[in-house]
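S.K.: Okay, here's the structure, questions in a sec.
The values are calculated or read from the model by the stated rules, or taken from the named source; none is laboratory data. Because the structure is predicted, anything quoted here is derived from the model rather than measured. Here the Cβ is made from the backbone with ideal geometry for all residues, glycine too, and neighbour counts use every protein chain on show.
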Amino acid sequence: DTAVSQTPKYLVTQMGNDKSIKCEQNLGHDTMYWYKQDSKKFLKIMFSYNNKELIINETVPNRFSPKSPDKAHLNLHINSLELGDSAVYFCASSVTHRGLAKNIQYFGAGTRLSVL
Amino acid sequence: GENVEQHPSTLSVQEGDSAVIKCTYSDSASNYFPWYKQELGKRPQLIIDIRSNVGEKKDQRIAVTLNKTAKHFSLHITETQPEDSAVYFCAPMDTGRRALTFGSGTRLQVQP
């Protein structure tokens, strides 16, 4: 069973379109994340949710909107796609360890978005 | 927020040699220090981590050392093999945001 699954794996679309990426985890984790990895391999956090509550909202354009319907799902919707949005988007999840410094993140396989 | 610097950006070694990658961070309150490995076309995966109450941790051919005073930690890979070729990321925990801040990555190439 895949622990963190995201769909689709590949997404090719035209500039100006709206698209969504879905993520689901079956690990029972309470925190989920979206990362963007550009062509130089920089891995930047975009958003994180803890128990459906938005915790981290980095400086990303308003065109990006995350939605967490429940603890096991975190979707990413992107409006008016631009060329610069082309990247690999990774979903990840972790469990909060209260009183213990630990944050093991489990990543999905990634969604390669190509905007033409 | 946490500022993270990782060096070198690329590293090429001969099979059997050792490799060392260093990560410096700015948040003196950071208390969790993991390393992730990302093979070509794959997802990042945790390979080893250390907490601030420990100076060194070893797991077979890989080890992590931590110098909290100097605010840096290092990944050591001994007896490198071609399958060690990947991009490695340090990701110290930003205590303010309770999230990991990933370094810029080190591309390790092990030549057979």
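S.K.: Spot the failing condition for B:V20; the list is (1) under 18 Å from A:I45 (Cα atoms); (2) away from every other protein chain (no Cβ under 12 Å), and only one is missed.
M.R.: (1)
S.K.: Report the residue count in the range A:87-116 for those that are touching a residue at least 40 places away in the same chain (Cβ under 8 Å), of a type in the set (S, T, N, Q) and either surrounded by 16 or more Cβ atoms within 10 Å (Cβ to Cβ) or closer than 16 Å to A:T2 by Cα (or both).
M.R.: Residues meeting the conditions: 4.
S.K.: Being surrounded by fewer than 17 Cβ atoms within 10 Å (Cβ to Cβ), basic (K, R) and not in a loop (DSSP other than H, G, I, E, B), is that true of even one residue in the range A:38-58?
M.R.: yes
S.K.: Can you go through B:K57, B:K71 and tell me which one is basic (K, R), within 26 Å of A:Q37 (Cβ to Cβ), surrounded by fewer than 20 Cβ atoms within 10 Å (Cβ to Cβ) and free of Cβ contacts under 8 Å to residues at least 60 places away in the same chain?
M.R.: Of the residues listed, the single one that is basic (K, R), within 26 Å of A:Q37 (Cβ to Cβ), surrounded by fewer than 20 Cβ atoms within 10 Å (Cβ to Cβ) and free of Cβ contacts under 8 Å to residues at least 60 places away in the same chain is B:K71.
S.K.: Filtering the range A:48-73 down to residues that are within 14 Å of chain B (Cβ to nearest Cβ) and in contact (Cβ under 8 Å) with a residue 24 or more places away in the chain, which residue is nearest to B:G96 (Cα to Cα)?
M.R.: Per the criteria, the residue is A:I55.
S.K.: Might you check whether a residue that is modelled with pLDDT of 95 or more and more than 21 Å from B:E5 (Cβ to Cβ) occurs anywhere in the range B:96-108?
M.R.: Scanning the range B:96-108, I find no residue that is modelled with pLDDT of 95 or more and more than 21 Å from B:E5 (Cβ to Cβ), so the answer is no.
S.K.: Looking at B:S104 and the list (1) more than 10 Å from every other protein chain (Cβ to nearest Cβ); (2) more than 25 Å from A:H97 (Cβ to Cβ), which single condition is not satisfied?
M.R.: With respect to (1) more than 10 Å from every other protein chain (Cβ to nearest Cβ); (2) more than 25 Å from A:H97 (Cβ to Cβ), B:S104 is out only on (1).
S.K.: What number of residues in the range A:22-47 are over 18 Å from A:S114 (Cβ atoms), in contact (Cβ under 8 Å) with a residue 60 or more places away in the chain and not aromatic (F, W, Y)?
M.R.: 8
S.K.: From the list B:Y36, B:Y88, pick out the single residue that is crowded, with 18+ Cβ neighbours inside 10 Å, at the interface with chain A (Cβ under 10 Å from one of its Cβ atoms) and in a strand (DSSP E or B).
M.R.: Sole residue among the options that is crowded, with 18+ Cβ neighbours inside 10 Å, at the interface with chain A (Cβ under 10 Å from one of its Cβ atoms) and in a strand (DSSP E or B): B:Y36.
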